[in-house]
Amino acid sequence: MPGTLILKFHPGYVPSKVNAAMTAAVEGLDGVETVDMYALYPHEEQLKAAEDAEIERLYQADRLCVQFPIHWFAATPRAMAWQDLVLNRMFFTHKEEGKRLKGLPFFVAATAGQGKDTYRPGGQNLYPLEELLRPWECTANQSHFAYEPPFLAYGADDYDDADRERVAEEFAARIKGWTATKPEAN
Ligand SMILES: Cc1cc2nc3c(=O)[nH]c(=O)nc-3n(C[C@H](O)[C@H](O)[C@H](O)COP(=O)(O)O)c2cc1C
């Protein structure tokens, strides 16, 4: 069974509801592994110490989803630290390591507290969320990953139980469909 790896970066300053529901909806699916990176590495130094293991984890994956809540219009700090440590090594200082991930299918799953209408020209947040997430597309391009459109959930701070369930089901459907596809040979 091909492996879909979901690296979740939720810091839990405020306990997660939406991302937690998304994780619950995909946990236990065949061929899907979710790693709660903040739970695993409460301190950034611990992630640094586990660099080799995190690179090995990527080698085992056929597809990669990076999941986080939007904090200050960007990814959460540990997601950035993961880029700085793991991707920087694989795609800058030890480029031969990164070559093994060429063509890795990749997408970002992000939840935003504010509504979609705020993420537009003239709206409170000025730009579509897709535009604010362009650095991840650049990251994928730099890393020779196969970038796919992000999974985005807006207005997450106003969800009721039914909204959370709907988003969790949509996320699970995307992950299931993705996991069922055969990765292209590198
Ligand atoms: C420190 C912090 C910064 C945040 N910044 C943003 C932001 O820039 N834009 C936005 O739409 N929501 C923002 N939010 C709201 C979160 O994105 C939202 O609460 C989260 O996506 C909901 O998912 P969860 O229930 O899994 O935490 C922020 C929340 C926190 C705690």
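No value in this document is a laboratory result; all are computed from the given coordinates. Remember, it's a predicted structure, so these values are computed and weren't measured experimentally. When we count neighbours, we look across all protein chains shown, and the Cβ atoms used for this are built from the backbone with ideal geometry, even at glycine.
Using the Karplus relation 6.51 cos²θ - 1.76 cosθ + 1.60 with θ = phi - 60°, the per-residue 3J(HN,Hα) values for the range 84-97 come to 4, 8, 6, 5, 4, 5, 6, 10, 10, 8, 10, 4, 5, 5 Hz, with x marking Gly and Pro.
Seen from residue 5, the other residues with C-beta closer than 12 Å to its C-beta sum to a net charge of -1, counting Lys and Arg as +1 and Asp and Glu as -1.
Between residue 180 and residue 27, the modelled label-to-label distance comes to 2.4 nm, taking each label 7 Å out from Cα in the direction of the beta carbon. Between residue 93 and residue 39, the contour length at 0.36 nm per residue exceeds the alpha carbon distance by 16.7 nm. Close lysine pairs were tallied over the chain: pairs 8 or more places apart or on different chains with Cα atoms under 22 Å apart number 10. For the chain, the C-alpha radius of gyration sits at 1.00 times the compact-globule guess of 2.2 N^0.38 Å, with N the residue count. With contacts taken as Cα pairs under 8 Å and at least 6 residues apart, the chain reaches a relative contact order of 28 percent. Between 145, 94, 156, the Cα set farthest toward the positive side of the dipole of the range 92-186 (charges on each charged residue's Cβ, about the Cα centre) is that of 94.
Separation of the range 140-183 from the range 75-123 is 14 Å, based on Cα centroids.
Label separation (residue 14 vs residue 117): 2.0 nm, computed from points 7 Å beyond Cα along the C-beta direction. Full extension of the chain between residue 84 and residue 148 yields a length gain of 20.9 nm, computed as 0.36 nm times the residue separation minus the alpha carbon distance. For the range 65-128, the set of trypsin sites (Lys or Arg not before Pro) satisfying both a DSSP loop assignment and a count of at most 15 other C-beta atoms within 10 Å is given as 102.
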